[in-house]
1. Can you give me the pair-distance distribution of segment 343-460, C-alpha pairs, 10 Å bins, whole percents?
2. Where both residues lie in the chain, what percent of DSSP beta bridges are antiparallel, nearest 5?
3. Which of the peptides 340-347, 389-396, 130-137 is most tightly packed, and how do the rest follow, judged by the mean count of other Cβ atoms within 10 Å per residue?
4. Counting other beta carbons within 10 Å of each residue's own, what order do Glu37, Glu198 fall into, fewest first?
5. Is segment 187-329 rounded, prolate or oblate when judged by the Cα gyration tensor, a ≥ b ≥ c being the square roots of its eigenvalues, rounded requiring a/c under 1.5 and prolate requiring a/b larger than b/c?
6. Could you pull out every one of the lysines with an alpha carbon less than 20 Å from that of Lys124, ignoring same-chain neighbours closer than 8 positions?
7. Counting only helical runs of four or more DSSP H residues, what would the 222 nm mean residue ellipticity of the chain come to if each run contributes -39,500 (n - 2.57) and the total is spread over all its residues?
8. Would you mind checking which residues have amide H under 5 Å from Arg170's amide H? H placed 1.01 Å from N; only 5 or more apart, or other chain.
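Values quoted throughout were computed directly from the atomic coordinates according to the rules given, and no laboratory measurement underlies them. Note that the structure is predicted; figures quoted are calculated from it, not measured. Cβ placement follows ideal geometry from the backbone for every residue including glycine, while neighbour counts extend to all protein chains displayed.
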Amino acid sequence: MWSAVISLLVLQQYYDNVAAATAEPTDANYWNTYGKEQIKKAIKTERLNQNIAKNVIVFIGDGMGVTTNTAARIFKGQLAGQTGEEANLVWDEFPHVALSKTYNTDRQVADSAGTGCALFTGVKTKYEVIGVDDTIEFAKCSTAEAAAVDSVLVSAEQVGKSTGIVTTARITHATPANLYAHSASRHWEYDGKMPAQEAADGCIDIGAQFLENAAQVEVVLAGGRGYLTGNNTADPEYPDKNGLRADGRNIIEEWQQLHQDQGDQSSYVWNAADFNAVKPGETDFLLGLFESSHMQYEHQRVNDPAGEPSLTEMTEKAIHILQKNDMGFDPIFCARIDHGHHDGNAFRALTDAQELDKAVAKALELVNLEETLIIVTADHSHVMTINGYPKRGNPLFADPDFVNPALIPTKYENHGGQDTAIFATGARAHLFHGVHEDSYVAHVIRYASCMGMYMDDTCMVGNDASANFRFSFTWLYCLMLLLLLRLSYV
Ligand SMILES: *[C@@H]1O[C@H](CO)[C@@H](O)[C@H](O)[C@H]1NC(C)=O
């Protein structure tokens, strides 16, 4: 497919083809009223929510740079019959916003492996490596062990909190892999991708690490069945397609067996009907893998042979299951914004962004912001730009398969190196307050919920006496939980 280095979203020739909505007149009175309302809102944020974040939900719009955010907002407005520019995404109304510097330690423009490591471990690293610091040598297994760094998911599990991973990408793909794996290459997603020498040096593929390191993660909803099943096993949805693993392992069955042996209430599902039948009240561990590779774009989801849940449905189910325990950390990835952009197809990217908007709205309905931190950000940007001087309400595409024009056509459009935005609300959201390195996100998550290196008194600072009370109460709760877990294993 022809694609874009620079996708010029807005094109005069399409403006003439599609009728644009007309903007409401906005006189001085309109803007002054708007300004006053914003001031009222801003004053309210002077009362900081310094509570400990019992729960943290991070939404990653993969590749959702600031331009994509603007375009997604315009598209949202236009879908609602407005001109669009005046609309707001759910996170546009969050009280705290910062910028995130996304470079890798060896690249000015980042890939998702290096940025995922920064966001989730708190340590910025090289291009194309997973869960390791930058002492790693790319694709060199012998340098991996000493370089390994753990993610916030590990910190949360260590203090007995429930965790989840929800993504529309393969579970072994670069961004989510950083939550549980360490790899000298993002490409080692299954055993067949491991060079013989690196395997001989003792490194294992990301799929195998999923079972080893993430089997106790309470909720995993993603794509990527083929990366966890053997090349002798047919896919349930595509019977003429086998798994990819040369070692013949069926890691999905191993996951099921493990939880059966542990006596857990656990389920594995791979289609929409089985997913819908999962009762959160009777489920402690849920593994859902809805595609052999990435899940469908939201735009194509209705055509999926076996049906797939939407990002919003997965978000809701994950929160319901995690809330039964002490929900600790639940990263939710809207992964395919990135892929739509790589294909130069802003329509698919922005349709997935609309689904992210719905998922964030659903999460806000289900949690208490007094004790929950919600972060919406992107791991890196894309080169898409909005330019020219189109009229207000200009439509963004001619049709869903429209490939946005590129200045220099390449096989795939590539990432952009500009900052991304961090939008935050809830407990300790104000810690996002300026221009940060992307690695700071993991530090806020740990500090806000007193985990990992912040698991001491320093995270209790603040002027809110109830924070101290909450702190001890949270710990009491965690301890009780640990005790209960122990007892139930006896
Ligand atoms: C699976 O992969 C192995 C190793 O590459 C190969 O020897 C075997 O023939 C493959 N099996 C199938 C069914 O393709």
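1. Going out from 0 Å in 10 Å bins, segment 343-460 shows 11, 30, 30, 20, 8, 1 percent.
2. Taking every DSSP beta bridge with both residues in the chain, the antiparallel ones total about 35 percent.
3. Values: 340-347: 25.4, 389-396: 16.2, 130-137: 22.4.
Ranking the peptides 340-347, 389-396, 130-137 by packing returns 340-347, 130-137, 389-396.
4. On the way: Glu37 10, Glu198 21.
Final ranking by Cβ density, sparse to dense: Glu37, Glu198.
5. On the way: a/c = 1.93, a/b = 1.31, b/c = 1.48.
Taking the square roots of the gyration eigenvalues as a ≥ b ≥ c, segment 187-329 is oblate.
6. Reachable lysines: Lys101, Lys140.
7. Details: 16 runs with 165 residues, N = 490.
So the calculated ellipticity at 222 nm is -10000 deg cm²/dmol.
8. Gly223, His294, Met295
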